[in-house]
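Below is one structure, written out as structure tokens, with a few remarks after it.
The values are calculated or read from the model by the stated rules, or taken from the named source; none is laboratory data. Quick caveat: nothing in here was measured; it's all calculated off a predicted structure. In this analysis, Cβ positions are derived from the backbone assuming ideal geometry, glycine residues included, and neighbour counts consider all displayed protein chains.
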Amino acid sequence: MDDEVPYLLLTPGPLTTSRAVKQAMLRDVSTWDRDYNDIVQQIRARLTRLVSQREDCTAVLMQGSGTFVVEATIGSVIPPQGRLLVMNNGAYGARIAQIAARLKIDHITITQPETEPADLRRLEETLAADPKITHVALVHCETTTGMLNPAAEIGRAVQRQGRVFILDAMSSLGGIPIDIDEFCCDYVIASSNKCVQGVPGFGFVIARRAQLEKTAGWARSLSLDLYDQWREMETKGGKWRYTSPTHVVLAFEQALNELDDEGGPAARHARYRQNHRVLVEGLTGLGYRPLLPPELRSPIITSILYPDVAGFSFDALYDALKAHGFVIYPGKVSQAETFRVGTIGHVFPADFERLVHSFAEVGMAPV
């Protein structure tokens, strides 16, 4: 850990970034500057290459948090007479349904317990029974629990039924290899402050160009109009419609450089898996239990059940670990008491060895 950093963020984003990513933000640039807009164009091209080597994909950046770009997508790509099916097995699937309801988009949900993966059989049955469904949305890594949903299987089923597949890859893109053809995606959504390891400030959508081109005039919002944002960037050399987060863009360019230097998403995935292995083996050795079985866990974030120990206090554990140089995350599961530990960001297996040692020093019932 850098001497300048008081603690590591072991959260699903924002997360710990490298010193070089932070330093990239020390430069002021104009949103009208050609060199800056060239960087935007290069970022768009590099993002498409993360998921496809084909020429039929494009990328558009959108100001705001990850939820902003999810709302921009849901609010822009569903036609006025369309119907959205949301696969919901966690807080972020539920948020997509909430967005659809707020925007008055016709939608239905397949709702499951948070500890069960998205149900392929129910999806196929629902699509076969309801020809009005035009789009299906799924969260790839549901950070409520750390669940990794079977996105490729879901995407293939959606494609077989001739519907449009929207994948919320917010917490997986860059850290888990995604091929837009293998996953049969039409839209892939993510943000700057997750597995690419940039800082918060914008999200992005990688889309099949032919699908995005159909959506002109469908948006339910002015500022979150995905098509208009895309057309602006396409026709004006990378310019955003409204003020862009310039410093965040510069940091993201550096983060993409570091992703390339590491060896791309496959190499980063290997590091995250090793982080996750050290964490889980270490905490189970101390008596903690993960919420999910191994086959359902992602290497992104892990939900840990509260120990059955008298006097256990998450707040006390949080404060004690923070004093040791680590910030963890409270739980978000509705049916169990948990806390969460993220294994993404500019963090390495040795950091998790130190974290496990800190857990051992703190104990299971801190006072």
**OP:** Working carefully through the options 366, 299, find the one that is part of a loop (DSSP other than H, G, I, E, B), at pLDDT 95 or above and not hydroxyl-bearing (Ser, Thr, Tyr).
**Re:** 299
Subject >> Within segment 95-119, tally of residues that are surrounded by fewer than 17 Cβ atoms within 10 Å (Cβ to Cβ) and in a strand (DSSP E or B) >> reply: 2
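Could you tell me whether residue 28 is out of contact with any Lys or Arg (no Cβ under 9 Å at 6 or more places or on another chain) and either hydroxyl-bearing (Ser, Thr, Tyr) or outside any helix (DSSP H, G or I) (or both)?
Criteria met by residue 28.
Is it the case, given these coordinates, that residue 11 is part of a loop (DSSP other than H, G, I, E, B), modelled with pLDDT under 95 and not aliphatic (A, V, I, L, M)?
It is true that residue 11 is part of a loop (DSSP other than H, G, I, E, B), modelled with pLDDT under 95 and not aliphatic (A, V, I, L, M).
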Subject >> Set 281, 232, 213, 258: member being surrounded by fewer than 17 Cβ atoms within 10 Å (Cβ to Cβ), among the acidic types (Asp, Glu) and either farther than 23 Å from residue 185 by Cβ or touching a helix residue (DSSP H, G or I) at 6+ places or on another chain (Cβ under 6 Å) (or both) >> reply: 281
Original post:
Within the bounds of segment 327-342, is there any residue that is part of a helix (DSSP H, G or I) and free of Cβ contacts under 8 Å to residues at least 24 places away in the same chain?
Top reply: no
Original post:
With segment 120-230 as the region, which strands (runs of 3 or more DSSP E) entirely inside it contain at least 1 residues that are among the basic types (Lys, Arg) and in contact (Cβ under 8 Å) with a residue 40 or more places away in the chain?
Top reply: 202-208
**OP:** Search segment 348-364 for residues that are acidic (Asp, Glu) and pair each with any residue that is surrounded by 15 or more Cβ atoms within 10 Å (Cβ to Cβ) and in a helix (DSSP H, G or I) when their beta-carbon atoms are under 9 Å apart and the residues are at least 6 apart or on different chains.
**Re:** 351/275; 351/278; 353/278; 353/282; 361/320
Original post:
Any idea which residue in segment 75-94 is surrounded by the fewest Cβ atoms within 10 Å (Cβ to Cβ), counting only those that are assigned to a loop (DSSP other than H, G, I, E, B) and of a type in the set (Gly, Ala, Ser)?
Top reply: 82
